[in-house]
Amino acid sequence: MTKEQIEIAIREYIPHIVHMSLSTCIENKPWTTEVHFVYDDTLNLYFISRPSRRHSQEIASNNSVSGTIVTQHTAEEKSRWVYFEGKVAMISVTGESDPLFQLFQQRLWTSLSILEEALEENGHRFYKITVDNYYLFDSKKFVLPRH
């Protein structure tokens, strides 16, 4: 598949999925968690988490992450998996008119209380994943050999 075909497939697929697996690693100890996510027009990924969570603490030490975006499916169903790798940064959201907060509100029905909570010491924070590479496993459109 070309890079353009992968991007088209990702843009078709991710509007229907609200959670992703996010993997971090510190001292050769990998960790994976599930987070709800939104994305922008350039396919950067965003999530909200508390700084006290293990993945947030690991991101503070090592901002390289990877992850998957996939829907649950049975063994008989054809599947599509989006894999990614990139860098994470904590970012600030200025208020309810901030475009990022608007993305969260439209896609995940995030309430204004999350903005108030972000002012608290251990309140949720907003994170941006700048994706370096996307990969796609797609048995829905392409016949792939079974192992």
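What follows is calculated from the coordinates using simple rules that are stated; it is not laboratory data. Bear in mind the structure is a predicted one, so any value in this text is a computation, not a measurement. Cβ coordinates were reconstructed from backbone atoms using ideal geometry, including for glycine residues, and neighbour counts include every protein chain displayed.
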For this session: Please work out which option in (1) 151; (2) 100; (3) 127 gives volume of the Cα convex hull per residue in Å³ calculated from these coordinates, and answer with its label.
Result: (3)
Exercise. In terms of modelled amide H atoms, which long-range or inter-chain residues lie less than 5 Å from the amide H of residue 53?
Worked result: none
Seminar exercise, completed: From DSSP H assignment alone, runs of 4+ in the chain each adding -39500 (n - 2.57), the sum over residues rounded to the nearest 500 puts [θ] at 222 nm at -6500 deg cm²/dmol
Exercise. Taking neighbour counts of Cβ atoms within 10 Å as a proxy for exposure, in what order, fewest first, do 18, 93, 82 appear?
Worked result: 18, 93, 82
Problem set entry | Crossing angle, helix 3-13 versus the chain [Cα axis fit, 0-90 degrees, rounded to tens] | 70
